Ligand code: ZN
C-alpha cells in the first residue's frame, strides 16, 4: 500500500464526519511545512467534500438536500438496491486536495473536510498522502 490509511467507522445510514482534525494531525506528524495533502476515498457509496463546519445545520441541509435531489423512487437497475448512495457519491466526489503552509492545512475560515457516508453504517478507509513542495 503506497498510501497512508485513515479508518472511518460510520454509525448512521447517511452522515458527515469531520476529518479536519485528523488530517491536521497527519500533516503535523509528517513534518512537512510546505506542500499538498491529498485525501482519497476509494468507496463507491461515500463521498469527500470541503464545506462549512461551523453550523451543524449546514451538514443536515446538505444531506437533506441530497436526499431531495436524488430520488428514492426512481426505477434504478442496480440490483444491490443502493443506487441513491452511488448517485450521491458521484455528486460529492472521491478526493480533496488541500495546500499546507507553515505546517497548517490551508482551509477557508469556515471550511472543514468531511467524509460523507451514504450507505452506512460501515467500516471505511481513506487513503492520504502529503507531498512536499
Ligand atoms: Zn451498489
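Brief remarks follow.
- Residue selected from the stretch 37-53 under the condition within 16 Å of the ligand (Cβ to nearest atom) and surrounded by fewer than 16 Cβ atoms within 10 Å (Cβ to Cβ), by the criterion nearest to residue 130 (Cα to Cα): 42
- Taking (1) crowded, with 17+ Cβ neighbours inside 10 Å; (2) within 22 Å of residue 5 (Cα to Cα) in turn, residue 84 satisfies each apart from (2).
- All of 54, 29 fail the test of being over 14 Å from residue 117 (Cα atoms) and more than 17 Å from the chain's Cα centre (by Cα), apart from 29.
Bear in mind these aren't lab numbers, they're just calculated from the coordinates by the rules spelled out. Since the structure is predicted, the reported quantities are computational estimates derived from the model, not experimental observations. As a convention, Cβ positions derive from the backbone with ideal geometry for all residues, glycine included, and neighbour counts pool all protein chains shown.
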